[in-house]
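S.K.: Just dropping this structure here.
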Amino acid sequence: MGFKVVEIQRTPNPNAVKLMLDRAVVGQPTSFFNARAAEDHPLATKLFAIEGVTSLLLLGDFITINKSPAATWADITARARAVLAAEPP
């Protein structure tokens, strides 16, 4: 069973949102400032495959996604939900 996004929170940065999950995604804070940095992390690699995602922060039970200014949140959050739901336990 994958992760369920229970809430999407806006941040002061219009190009970042916080996806609140139903359980912890990582045990310690993990940041990826680009897709190359995430090459050894399967979940982060899948999230970076979403067009427009520029950086990630995984912390406890949430993931902060940063996007490029041209990308739309509707597309990114829908695809991120699908990636997270398909993630193996």
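Bear in mind that the values in this text are calculations on the coordinates, not laboratory data. Worth saying up front: this structure is predicted, and the values here are computed from it rather than measured. Cβ coordinates were reconstructed from backbone atoms using ideal geometry, including for glycine residues, and neighbour counts include every protein chain displayed.
S.K.: Restricting attention to the range 62-87, which residues are in contact (Cβ under 8 Å) with a residue 60 or more places away in the chain and either part of a strand (DSSP E or B) or surrounded by fewer than 13 Cβ atoms within 10 Å (Cβ to Cβ) (or both)?
M.R.: ALA85, ALA86
S.K.: Condition test on LYS4, is it touching a residue at least 24 places away in the same chain (Cβ under 8 Å), among the basic types (Lys, Arg) and under 22 Å from ALA70 (Cβ atoms)?
M.R.: No: the conditions fail for LYS4.
S.K.: Any residue at all in the range 53-61 that's surrounded by fewer than 12 Cβ atoms within 10 Å (Cβ to Cβ), on the phi < 0 side of the Ramachandran plot and assigned to a loop (DSSP other than H, G, I, E, B)?
M.R.: No, the conditions are met nowhere in the range 53-61.
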